[in-house]
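**Q** My structure is below; once you've seen it, I'll send some questions.
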């Protein structure tokens, strides 16, 4: 489980993530344009200065999403690194240039 310090980290390291008890295989990428109210379950650093964010929707759907942290892509900077783990948010997925839904907005609820 996460201690208070880890809840407020920008993102967890891989080691911290695996010690947190989150099973990444329970989460799936979103396949459709949609919007959900969800809880930010965890977030960890990806390989290219991005964050892998893990959400559980109000309906119990577990979603993983990629978010760029430093504005390296055409996707606006979502500031997920500033949102504490356990926070309720509205997440919105819209299709990008390859017709694949990407996380486009994160709003505090």
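**Q** For the stretch 1-8, state whether one or more residues are under 17 Å from residue 88 (Cβ atoms), touching a residue at least 60 places away in the same chain (Cβ under 8 Å) and not in a loop (DSSP other than H, G, I, E, B). Working first, answer last.
**A** First pass over the stretch 1-8, keeping only residues under 17 Å from residue 88 (Cβ atoms): 2, 7-8.
Restricting the remaining residues to those that are touching a residue at least 60 places away in the same chain (Cβ under 8 Å) gives 2, 7-8.
Among the residues that remain, those that are also not in a loop (DSSP other than H, G, I, E, B) are: 7.
Within the stretch 1-8, one or more residues are under 17 Å from residue 88 (Cβ atoms), touching a residue at least 60 places away in the same chain (Cβ under 8 Å) and not in a loop (DSSP other than H, G, I, E, B).
**Q** Could we say that residue 54 is surrounded by 15 or more Cβ atoms within 10 Å (Cβ to Cβ), modelled with pLDDT of 95 or more and more than 10 Å from the chain's Cα centre (by Cα) here? Reasoning before the result, please.
**A** Numbers: surrounded by 15 or more Cβ atoms within 10 Å (Cβ to Cβ): yes; modelled with pLDDT of 95 or more: yes; more than 10 Å from the chain's Cα centre (by Cα): no.
No, not satisfied.
**Q** Could you tell me whether the stretch 33-47 includes any residue that is in contact with a strand residue (DSSP E or B) (Cβ under 9 Å, 6 or more places away or on another chain) and either more than 20 Å from residue 102 (Cα to Cα) or exposed (fewer than 11 other Cβ atoms within 10 Å of the Cβ) (or both)? Write out each step before concluding.
**A** Going residue by residue through the stretch 33-47, those that are in contact with a strand residue (DSSP E or B) (Cβ under 9 Å, 6 or more places away or on another chain) are 33-46.
Add one more test, that the residue is either more than 20 Å from residue 102 (Cα to Cα) or exposed (fewer than 11 other Cβ atoms within 10 Å of the Cβ) (or both), and what stays is none.
Checked the stretch 33-47: no residue is in contact with a strand residue (DSSP E or B) (Cβ under 9 Å, 6 or more places away or on another chain) and either more than 20 Å from residue 102 (Cα to Cα) or exposed (fewer than 11 other Cβ atoms within 10 Å of the Cβ) (or both).
**Q** May I pose another question? Exactly one condition in (1) within 20 Å of residue 89 (Cα to Cα); (2) modelled with pLDDT of 90 or more is not met by residue 17; state its number.
**A** Just one mismatch for residue 17, condition (1).
**Q** On to the next question. Quick check on my filter: what residues within the stretch 13-28 are without any contact (Cβ under 8 Å) to a residue 24 or more places away in the chain and either under 16 Å from residue 85 (Cα atoms) or in a loop (DSSP other than H, G, I, E, B) (or both)? I'd like the intermediate steps shown before the answer.
**A** Pass one, the stretch 13-28, residues without any contact (Cβ under 8 Å) to a residue 24 or more places away in the chain: 15, 18-21, 23, 25.
Selection gives 18, 19, 20, 21, 23.
The values are calculated or read from the model by the stated rules, or taken from the named source; none is laboratory data. Everything quoted here is computed from the prediction, not taken from an experiment. For neighbour counting, all protein chains shown are included, and Cβ atoms are generated from backbone atoms with ideal geometry for every residue, glycine included.
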